[in-house]
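Enquirer: Structure below; questions to follow.
What follows draws every value from the coordinates through simple rules; no lab data is involved. Keep in mind the model is a prediction, meaning the values are calculated, not measured. Because the Cβ atoms are built from the backbone with ideal geometry, glycine has one as well, and the counts that use them run over all protein chains shown.
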Amino acid sequence: MDLNSKIRTIPDFPKKGIMFKDITTVLQDAEALKFCIDSFYGYYKDKQITKVIGIESRGFILAPALAYRLGAGFVPIRKPGKLPAEKIRQEYKLEYGTDTIEIHKDAFQKGERVLLHDDVLATGGTMAAACNLVEELGGQIIGLSFIIELAFLNPRKKITGYDIHSLVSYSSE
Ligand code: AMP
């Protein structure tokens with residue numbers, strides 16, 4: 001499957017200068033969707049994952065399907081003010097300003113084998129913050145998974161020491 005050809009790049013969205021990687025064209029294609037889930041499943045099936053964590057918003061699309069396939073539970077990491085119960089938060093730097101993500105304190109038990117998932121790995125800031133939240137709660141991070149990695153932004157230097165698996169990697173814009 002040539003997944004690369006199914007990804008649509010929209011220049012200057014949502015802001016000038018950003019080459020937006022649109023995965024709706026992957027998701028709407030039955031074979032491409034199946035390829036994504038099957039590829040992730042193949043990679044993680046023997047790793048005894050007990051929770052798959054999706055990052056809001058587009059991490060919520062595949063993470064529950066993958067959790068179901070792996071026989072694991074699904075946990076959301078959300079933007080601030082969305083989760084109703086007791087939670088912890090992590091602030092992180094953006095190019096301009098800061099952002100925050102949150103997770104419920106009882107999302108998983110200490111020592112659980114956790115897989116984190118998002119659609120796109122860009123600068124790595126979001127996933128680094130998500131890893132901090134999971135580790136603060138005592139989760140064991142087994143892997144970080146992405147459909148797309150923007151390797152030319154060097155995101156791996158922000159998330160060192162983890163097993164990172166991306167289906168498509170771009171070495172230039
Ligand atoms: P970062 O924290 O820079 O790794 O950004 C990751 C988050 O921003 C992910 O949740 C992505 O969905 C989104 N994102 C960043 N850059 C892009 C891009 N070029 N195309 C699509 N989504 C992006």
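Enquirer: Using modelled backbone amide H atoms (1.01 Å from N, in-plane), which distant-in-sequence or interchain residues come within less than 5 Å of Ser169's amide H?
Expert: Counting only residues 5 or more places away or on other chains, the set is Glu149.
Enquirer: Using +1 at the Cβ of each Lys and Arg and -1 at the Cβ of each Asp and Glu in the chain, identify which of Ile18, Leu83, His117 lies farthest towards the dipole's positive end.
Expert: Of the candidates, Leu83 comes out farthest on the positive side.
Enquirer: What percentage of all Cα-Cα pairs in the stretch 1-53 are separated by more than 16 Å?
Expert: Values: 755 of 1378 pairs.
Summing the P(r) of the stretch 1-53 above 16 Å gives 55 percent of all pairs.
Enquirer: State whether the stretch 85-138 is rounded, prolate or oblate according to the following rule on the C-alpha gyration tensor (a ≥ b ≥ c being the square roots of its eigenvalues): a/c under 1.5 gives rounded; otherwise a/b larger than b/c gives prolate, and the remaining case gives oblate.
Expert: oblate
Enquirer: Still on this structure, please answer the following. With the dipole of the chain worked out from charges on the C-beta (+1 for Lys and Arg, -1 for Asp and Glu) around the Cα centre, which of Leu3, Ala128, Asn154 lies farthest toward the positive end?
Expert: Ala128
Enquirer: Write down the Kirkwood hydrodynamic radius of the stretch 31-127, to one decimal in angstroms, obtained as one divided by the mean of 1/r over all alpha carbon pairs. Please report the intermediate quantities before stating the final value.
Expert: Working: mean 1/r = 0.0701 Å⁻¹.
By the Kirkwood definition, the hydrodynamic radius is 14.3 Å.
Enquirer: Turning to a different aspect of this structure: Towards the positive end of the charge dipole of the chain, with charges on Cβ (+1 Lys, Arg; -1 Asp, Glu), say which of Phe74, Leu33, Ala63 has the farthest Cα.
Expert: Phe74
Enquirer: When DSSP assigns beta bridges and you keep just the ones with both residues in the chain, what percent turn out antiparallel, to the nearest 5?
Expert: That works out to approximately 35 percent antiparallel.
Enquirer: While we're on this one: Give the aspartates and glutamates reachable from Lys47 as a straight Cα distance under 19 Å; neighbours fewer than 8 places away on the same chain don't count.
Expert: Leaving aside aspartates and glutamates fewer than 8 places away in the same chain, those within reach of Lys47 are Asp38, Glu112, Asp118, Glu135, Asp163.
Enquirer: To continue, here is another question. Read phi for every residue in the stretch 160-166 and hand back ³J(HN,Hα) as whole Hz from Karplus 6.51 cos²θ - 1.76 cosθ + 1.60, θ = phi - 60°, with x for Gly and Pro.
Expert: Calculated HN-Hα couplings, in order: 7, x, 10, 7, 10, 10, 10 Hz.
Enquirer: For the stretch 84-173, run through the chymotrypsin sites (Phe, Trp or Tyr not before Pro) and keep only the ones in DSSP coil with at most 13 other Cβ atoms within 10 Å of their Cβ.
Expert: Sites meeting the loop and neighbour criteria: Tyr96.
Enquirer: Report, in deg cm²/dmol and to the nearest 500, the calculated mean residue ellipticity at 222 nm for the chain, where each DSSP H run with n ≥ 4 adds -39500 (n - 2.57) and the sum is divided by the residue count.
Expert: Taken over the chain, the calculation gives -7500 deg cm²/dmol.
Enquirer: Pairs of Cα atoms under 8 Å, at least six residues apart: use those to get the relative contact order of the stretch 67-173, whole percent.
Expert: Normalised by residue count, the contact order of the stretch 67-173 is 22 percent.
Enquirer: If you place +1 on the Cβ of every Lys and Arg, -1 on the Cβ of every Asp and Glu, and leave all else neutral, what size is the dipole of the stretch 46-170 about its Cα centre, to the nearest 20 Debye?
Expert: 80 debye
Enquirer: Just to be sure I understand the curve: with the Debye formula and one point per C-alpha of the stretch 102-173, what is log10 I(q)/I(0) at q = 0.25 Å⁻¹?
Expert: -1.11
Enquirer: Can you tally the net charge around Ile49? Count Lys and Arg as +1, Asp and Glu as -1, for every other residue whose Cβ sits under 14 Å from the Cβ of Ile49.
Expert: Around Ile49, the surrounding residues sum to +2.
Enquirer: Starting from the coordinates of the alpha-carbon atoms of the chain, obtain the Kirkwood hydrodynamic radius over all distinct pairs and give the value in Å to one decimal.
Expert: When all Cα pairs of the chain are included, the Kirkwood radius is 16.4 Å.
Enquirer: Within the stretch 89-173, which trypsin sites (Lys or Arg not before Pro) sit in a loop by DSSP and count at most 15 neighbouring Cβ atoms inside 10 Å?
Expert: Lys105, Lys110
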